1. Is one or more of the residues making up segment 570-578 farther than 24 Å from Ile553 by Cβ and either over 18 Å from the mean Cα position of the chain (by Cα) or open to solvent by 40 Å² or more (accessible area, probe 1.4 Å) (or both)?
2. Against the conditions (1) open to solvent by 10 Å² or more (accessible area, probe 1.4 Å); (2) part of a loop (DSSP other than H, G, I, E, B); (3) modelled with pLDDT under 75, where does Thr328 fall short? Just the number, please.
3. Step by step: first the residues of segment 209-236, then only those that are modelled with pLDDT of 85 or more and touching a helix residue (DSSP H, G or I) at 6+ places or on another chain (Cβ under 6 Å), then the one that is least open to solvent (accessible area, probe 1.4 Å). Which residue is that?
4. Would you pick out the residues in segment 79-121 that are open to solvent by 20 Å² or more (accessible area, probe 1.4 Å) and of a type in the set (Ser, Thr, Tyr)?
5. Enumerate the pairs (first residue in segment 601-629 and under 13 Å from Ser589 (Cβ atoms) and of a type in the set (Val, Ile, Thr); second residue anywhere and in a helix (DSSP H, G or I) and modelled with pLDDT under 80) with beta-carbon separation below 7 Å, excluding pairs fewer than 6 apart on the same chain, so at least 6 apart or on different chains.
6. Take Gly162 and tell me if it is surrounded by fewer than 20 Cβ atoms within 10 Å (Cβ to Cβ) and of a type in the set (Gly, Ala, Ser).
7. Give me the residue from segment 360-379 that is open to solvent by 40 Å² or more (accessible area, probe 1.4 Å) and either in a loop (DSSP other than H, G, I, E, B) or touching a residue at least 40 places away in the same chain (Cβ under 8 Å) (or both) and, out of that set, nearest to Glu437 (Cα to Cα).
8. Which ranges mark the strands (runs of 3 or more DSSP E) fully within segment 384-474 that have 2 or more residues being farther than 22 Å from Ser373 by Cβ, open to solvent by 30 Å² or more (accessible area, probe 1.4 Å) and touching a strand residue (DSSP E or B) at 6+ places or on another chain (Cβ under 8 Å)?
Amino acid sequence: MEILELHNINKFFGQDKNRVHVLKNINLSIEKGDFVAIIGQSGSGKSTLMNIIGCLDTPTSGSYKINKTEVGKMSRNQLAELRCKTFGFIFQRYNLLSSLNARENAALPAIYLGMGEGERNSRAVELLKKLELSTKLGNKPNELSGGQQQRVSIARALMNGGEIILADEPTGALDSKSGEMVMEIIKNLHKQGHTIILVTHDSKIAAQASRIIEIKDGEIVADERKASEFYEIENSVPEVKKSKFDIFKYRFAESFSMSIHAILANKMRSLLTMLGIIIGIASVVSVVALGNASQAKIMEQINSMGTNTIDIMPGTGFGDMRSGKVKTLKVSDSDYLSRQGFIDNSTPSVSASGTLVYANTSATAQLKGVGSSFFEVKGKNIALGRIFTQDEVNNIASVAVIDHNTLEEIFSDNPNPIGEIIIFNKKPLRVIGVTEEENNAGPNSDSMNIWVPYTTAMYKINGSTDINSITVKVSDAVNSQVAEESIENILTSLHGQKDFFMINSDSIKQTVESATNTMKLLIASIAVISLVVGGIGVMNIMLVSVTERTKEIGIRMAIGAKQEDILQQFLIEAILICLVGGFMGVALSMLIGLGFNTFSEDFGMIFSTASIVLALVCSSAIGIIFGYMPAKNASNLNPIDALASE
């Protein structure tokens with residue numbers, strides 16, 4: 001029964017004037033179970049013919065059928081599957097993968113067949129034992145002699161059954177004793193029913209075959225049958241029936257394993273490749289952490305001014321030159337607003353500046369007349385003593401609450417000034433409380449502040465019923481923008497015109513948040529540039545890796561790897577490099593944050609889970625994007641061209 005049929009096969013290499021006619025109208029049929037030797041001088045075309053028979057190369061023209069199926073109509077993946085299930089290759093230079101041991105090399109084709117790990121390892125061990133390599137299972141190719149490497153190659157050829165064994169100069173690189181052993185193995189394989197096609201230039205080797213075909217200048221010049229010995233194949237590998245998921249799982253695991261092998265085999269190069277990703281990820285995460293810290297610090301300072309508060313000032317705005325002279329706000333306005341359902345508290349404010357005197361010390365200070373609810377509205381906490389009560393406001397009490405700056409400046413020798421009398425603009429005031437120290441930055445951070453009941457400020461200090469501003473605290477359940485509009489309508493109605501303007505702390509907060517978010521995005525975008533540069537580095541290294549490992553790709557394709565298997569392996573490698581680089585970048589940013597937070601007392605980097613996750617996703621995406629082109633290039637290589645590379 002004819003297993004291979006070739007009709008009018010022609011093969012050309014090169015273009016135009018350099019075009020060479022390598023095979024010329026080859027007509028050949030090979031029967032199942034035959035032992036055929038193809039002999040000829042170097043350059044005669046015998047290896048090219050064997051490559052076409054093994055579906056490693058394609059003819060320029062002609063028909064080639066395997067078991068009556070036309071090969072020329074098959075896709076690249078179908079050809080890969082045919083090589084996987086039908087052919088077993090024995091190469092002159094063994095073509096073993098240096099990173100795998102003897103057992104792993106022998107078992108490799110079964111991965112692309114979809115065979116389970118335990119099953120394929122068991123079969124590999126069995127084959128190697130039959131070839132007298134039971135003590136060399138864990139040895140890598142460089143730890144084996146030439147004859148031992150060739151026997152591993154034979155075990156690999158038989159792994160998936162090897163119905164047709166293609167041996168290209170199998171003894172060419174061996175000493176005579178090893179060569180004789182290999183030929184004995186090949187003859188035994190023939191007796192076990194394998195169809196043997198052997199390419200050699202040695203007539204003594206060819207004489208051991210049942211049929212000798214001689215090629216000269218690309219043409220068959222002789223076809224001699226010496227014996228009619230045909231055998232039925234023994235111990236054929238049963239067809240592997242696995243789900244698509246299982247097959248994908250086995251292949252993915254192999255690709256993952258080989259990717260790790262490749263990364264570890266070139267540790268320094270891999271680390272340098274990761275460097276761009278590490279720096280990029282560390283920059284992005286650190287910038288976001290600094291932005292979060294800055295935003296939190298600013299929000300803390302804004303919150304210290306009072307949350308959900310609105311300050312009402314006389315005039316038309318900050319640029320109004322007349323605002324200091326406008327005296328349109330009244331205590332009655334504050335009282336009216338305090339009775340509104342959407343307002344929790346309302347307190348008028350009167351300000352004055354002057355000289356503060358205590359004992360033999362005098363200094364310039366700011367005095368503010370406020371209501372009893374002012375401290376709650378503005379979120380100011382008391383460190384010593386208490387705040388004044390509503391009764392003290394109503395009774396125009398001469399009491400005062402001072403800030404921490406005043407305590408340090410005026411009462412430097414008295415850490416507890418409660419009950420002490422101070423003089424402000426020649427008016428005596430009794431200290432009843434001290435506020436906590438504030439960490440707000442700014443030019444006024446060292447100014448001294450005194451708070452008294454607004455009635456005291458109006459009648460005892462300023463001698464006027466005018467107030468400078470009103471501060472209201474909006475209920476938490478009410479939208480501050482809606483509250484602002486309502487206050488504007490109320491006061492406009494009371495005054496008959498809009499002679500005031502408002503400062504909404506919530507609007508400031510939103511503006512600051514928006515500004516800091518924009519700044520974080522801008523700086524992070526700049527940091528992302530380093531990620532892109534790192535990605536380009538990954539792509540360049542992967543292109544180099546594909547070039548260096550072209551022969552490995554050819555070997556894998558020869559034993560049955562499909563395009564998606566090669567694509568998957570190199571893509572996983574690129575993703576792993578970027579992902580590991582991403583984790584290292586996050587770790588580096590954490591170390592930076594730890595160092596920064598250790599030496600910075602009042603300002604610390606704040607890391608967010610979202611930014612870390614996003615950074616890792618970005619590093620994976622970079623691996624996919626920049627690793628795809630090298631991986632695609634690898635998967636598109638022609639098997640025979642890849643095998644021929646060194």
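The values are calculated or read from the model by the stated rules, or taken from the named source; none is laboratory data. Note that the coordinates shown come from a computational prediction; the quantities given were computed from them, not determined experimentally. As a convention, Cβ positions derive from the backbone with ideal geometry for all residues, glycine included, and neighbour counts pool all protein chains shown. With ligands, DNA and RNA removed, areas are computed over all heavy atoms of the protein, side chains included. Shrake-Rupley method; radii C 1.70, N 1.55, O 1.52, S 1.80 Å.
1. Checking segment 570-578: not a single residue is farther than 24 Å from Ile553 by Cβ and either over 18 Å from the mean Cα position of the chain (by Cα) or open to solvent by 40 Å² or more (accessible area, probe 1.4 Å) (or both).
2. Among (1) open to solvent by 10 Å² or more (accessible area, probe 1.4 Å); (2) part of a loop (DSSP other than H, G, I, E, B); (3) modelled with pLDDT under 75, Thr328 violates only (3).
3. By that ranking, first place goes to Ile215.
4. Within segment 79-121, Tyr94, Ser98, Ser99 meet the criteria.
5. From residues that are under 13 Å from Ser589 (Cβ atoms) and of a type in the set (Val, Ile, Thr), the pairs are Ile606/Asn292; Ile606/Ala293; Ile606/Ala296.
6. no
7. Result: Gly379.
8. 421-424
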